[in-house]
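Trainee: Once you've had a glance at the structure underneath, I'll fire off some questions.
The values are calculated or read from the model by the stated rules, or taken from the named source; none is laboratory data. This structure is a prediction, so every number in the text was calculated from the model and none was measured. Don't worry about glycine lacking a Cβ; one is built from the backbone with ideal geometry, like all the others, and counts go over all protein chains shown.
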């Protein structure tokens, strides 16, 4: 993707500024080369994954997944993000998002893939010294070696920095002896390389190490028996005087926690994109099944209740695509900008992702919850067959559930995004309080009833979004003032604010995508995209209203509460949309195409 000069917003600024549709990236803009990579990935799933899906999930053949993994390496799919000088393909951030998206249809293997290419490889790519990169990246990019990431412990999950694994320097100062226990380690069963987090002496923060399996002192429990993603290796790993050369410390002492946080940011946005292959596949399977399944003498997809489900699958998938690739390109552009200013490539990549950490968390939460919705409705469309292991929905339903837990639970991510925004505002990195004060003043003034120029495409929807941002500023600003440093312990309020934020970013991303696409193809050509955007925005208004009302009730009383509720009513006022007709329009298009067609 050619970089275009644009007026790019900083991370989180979507809440206080308007974005220009011309400045956002939409999936329809992927180049021929990127689409060819995506097709190669799809072909790999069709030939290597789908015919073996039962055998992969049974785990009866321990050689199967490692052999498929090696084939992915031979095709270059494991080295998308790794620079060419280290044996990879050196492709852009948004291309790596696109491949994560397609591989999302690979069930258990998508976890194997994500654990290796993301948390297994990226710590070395971004934090390794030249010697470490040269030694390890070519093996990881080609699939010669498989990697895993050892952070979680029995008593250190969301609170990762409280881990008890220790690294002790040997008397000769040449090695660290690592002792401890890690759990839920994806790929552990066949990994050659472990990224291990441990504490040295009484350090406050973790330190990261690159550990080769052959260093010894590594044992494992049997494979975990799991609800879903059964075909991925997940084990507990024990380190017993594992002897690691001092030169295998990754980055600096006590920098491990920072590495973990930044790598998880990347994992989060990749997970947001990584649900899409799954949601599209399920939607397509449901269209086919509902066409073939006859009841009362007709296909069940002629019924309004089924059409509503099919349309919602498409609408939510479309919105997740829009927000993920919008954020992905913002990160890509920031990386290029920082590199052009003289920052090293790996540092620019880290800073670029860090800048949009809030959007990464939104992508993870939104994407994982859309996947959950789609598979749940998929089971419903299939009816009794949905519950049978002989049909594809049963596995999809089980496999999807982990997405709301890994890369930080959705609850942790919701609190993180609000906490991050407030910290940035306190540091003056984002001007949040000034617009919040302006909204506060506006509440006590006479509302202006200026008319909207409805001849402008999507003018009404943009006006609604402008007001939804005022809801966030009104409630968030008042919460920050009323609760001050206690706000982080008011987790329910944090979650309410996060929900408002997520819906604004999601709905705006859909509006901008549809507007940009209309500019390219003409308004008549985007009737279905417009319908999906209008339905989603209508739903977003309801979700914002409910979350804001709950927050207002929890920290205001009396006249102040009345004023805020009036403000909420004013800012969520919007023309009623006939969502039934719009959903039917979208569903009819899907049925005529026989697949998710957008």
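Trainee: Within the range 451-458, identify whether any single residue is crowded, with 19+ Cβ neighbours inside 10 Å, at pLDDT 95 or above and assigned by TED's automatic domain parsing to the domain that holds residue 493, and answer yes or no.
Mentor: So far as the range 451-458 goes, yes, one or more of its residues are crowded, with 19+ Cβ neighbours inside 10 Å, at pLDDT 95 or above and assigned by TED's automatic domain parsing to the domain that holds residue 493.
Trainee: Further question: Cβ-Cβ under 8 Å, sequence separation 6+ or interchain: first residue in the range 146-166 and assigned by TED's automatic domain parsing to the domain that holds residue 265 and free of Cβ contacts under 8 Å to residues at least 60 places away in the same chain, partner surrounded by fewer than 24 Cβ atoms within 10 Å (Cβ to Cβ) and in a helix (DSSP H, G or I). Which pairs?
Mentor: 152/160; 155/162; 156/162
This table checks each residue for (1) touching a strand residue (DSSP E or B) at 6+ places or on another chain (Cβ under 9 Å); (2) modelled with pLDDT of 95 or more; (3) within 28 Å of residue 407 (Cα to Cα).
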site: 322; (1), (2), (3): no, yes, yes
site: 330; (1), (2), (3): no, yes, yes
site: 340; (1), (2), (3): no, yes, no
site: 346; (1), (2), (3): no, no, yes
site: 363; (1), (2), (3): no, yes, yes
site: 384; (1), (2), (3): no, yes, no
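Trainee: Still on this structure: Look at the range 127-148 and say how many of its residues are in a helix (DSSP H, G or I), surrounded by 24 or more Cβ atoms within 10 Å (Cβ to Cβ) and in contact with a strand residue (DSSP E or B) (Cβ under 7 Å, 6 or more places away or on another chain).
Mentor: 2
Trainee: Buried (at least 23 other Cβ atoms within 10 Å of the Cβ) and either in the same structural domain as residue 550 (by TED's automatic domain parsing) or part of a helix (DSSP H, G or I) (or both), is that true of residue 463?
Mentor: no
Trainee: For residues that are out of contact with any helix residue (DSSP H, G or I) (no Cβ under 7 Å at 6 or more places or on another chain) and assigned to a helix (DSSP H, G or I), scanning just the range 282-295, find the one that is nearest to residue 583 (Cα to Cα).
Mentor: So, considering only residues that are out of contact with any helix residue (DSSP H, G or I) (no Cβ under 7 Å at 6 or more places or on another chain) and assigned to a helix (DSSP H, G or I), the one nearest to residue 583 (Cα to Cα) is 284.
Trainee: On the basis of being more than 27 Å from residue 515 (Cα to Cα), without any contact (Cβ under 8 Å) to a residue 12 or more places away in the chain and in the same structural domain as residue 525 (by TED's automatic domain parsing), does residue 441 make the cut?
Mentor: yes
Trainee: A further question on this structure: Being at pLDDT below 95 and farther than 30 Å from residue 471 by Cα is the requirement here; does residue 62 meet it?
Mentor: yes
Trainee: If you don't mind, another one. Tally the residues that are under 30 Å from residue 425 (Cα atoms) and in contact with a helix residue (DSSP H, G or I) (Cβ under 7 Å, 6 or more places away or on another chain), restricting the search to the range 23-64.
Mentor: Number of matching residues: 3.
Trainee: Just to be sure, is residue 71 assigned by TED's automatic domain parsing to the domain that holds residue 210, surrounded by fewer than 24 Cβ atoms within 10 Å (Cβ to Cβ), in contact with a helix residue (DSSP H, G or I) (Cβ under 8 Å, 6 or more places away or on another chain) and closer than 21 Å to residue 346 by Cα?
Mentor: In short, no.
Trainee: Ok, one more. Report the residue count in the range 202-230 for those that are within 16 Å of residue 257 (Cβ to Cβ) and touching a residue at least 24 places away in the same chain (Cβ under 8 Å).
Mentor: So the answer is 7.
Trainee: Please give the strands (runs of 3 or more DSSP E) falling wholly within the range 149-262 in which 2 or more residues are at pLDDT 95 or above and more than 30 Å from residue 107 (Cβ to Cβ).
Mentor: Here the list reads 166-169, 175-186, 193-200, 207-212, 234-245.
Trainee: Just to verify a result, which residue in the range 8-22, among those that are within 15 Å of residue 333 (Cβ to Cβ) and in a loop (DSSP other than H, G, I, E, B), is farthest from the chain's Cα centre (by Cα)?
Mentor: 20
Trainee: Filter the range 296-317 down to the residues that are in contact with a helix residue (DSSP H, G or I) (Cβ under 9 Å, 6 or more places away or on another chain) and outside any helix (DSSP H, G or I), then identify the one that is nearest to residue 506 (Cα to Cα).
Mentor: Selected residue: 303.
Residues are listed down the side, and each one gets a yes or a no for (1) surrounded by fewer than 17 Cβ atoms within 10 Å (Cβ to Cβ); (2) under 25 Å from residue 29 (Cβ atoms):
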position: 222; (1), (2): yes, no
position: 227; (1), (2): yes, no
position: 251; (1), (2): no, no
position: 263; (1), (2): no, no
position: 266; (1), (2): no, yes
position: 269; (1), (2): no, yes
position: 299; (1), (2): yes, no
position: 326; (1), (2): no, yes
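Trainee: So, in the range 24-37, of the ones that are part of a helix (DSSP H, G or I) and under 18 Å from residue 320 (Cα atoms), which residue ends up nearest to the chain's Cα centre (by Cα)?
Mentor: 27
Trainee: Turning to a different aspect of this structure: Name the residue, out of 513, 521, that is within 25 Å of the chain's Cα centre (by Cα) and either assigned by TED's automatic domain parsing to the domain that holds residue 320 or modelled with pLDDT of 95 or more (or both).
Mentor: After ruling out the rest, the residue left standing is 513.
Trainee: Residues 442, 407: which one is crowded, with 20+ Cβ neighbours inside 10 Å and over 30 Å from residue 287 (Cα atoms)?
Mentor: 407
Trainee: From the list 59, 91, pick out the single residue that is within 27 Å of residue 266 (Cα to Cα) and either in the same structural domain as residue 228 (by TED's automatic domain parsing) or in contact with a strand residue (DSSP E or B) (Cβ under 7 Å, 6 or more places away or on another chain) (or both).
Mentor: From the options 59, 91, the qualifying one is 91.
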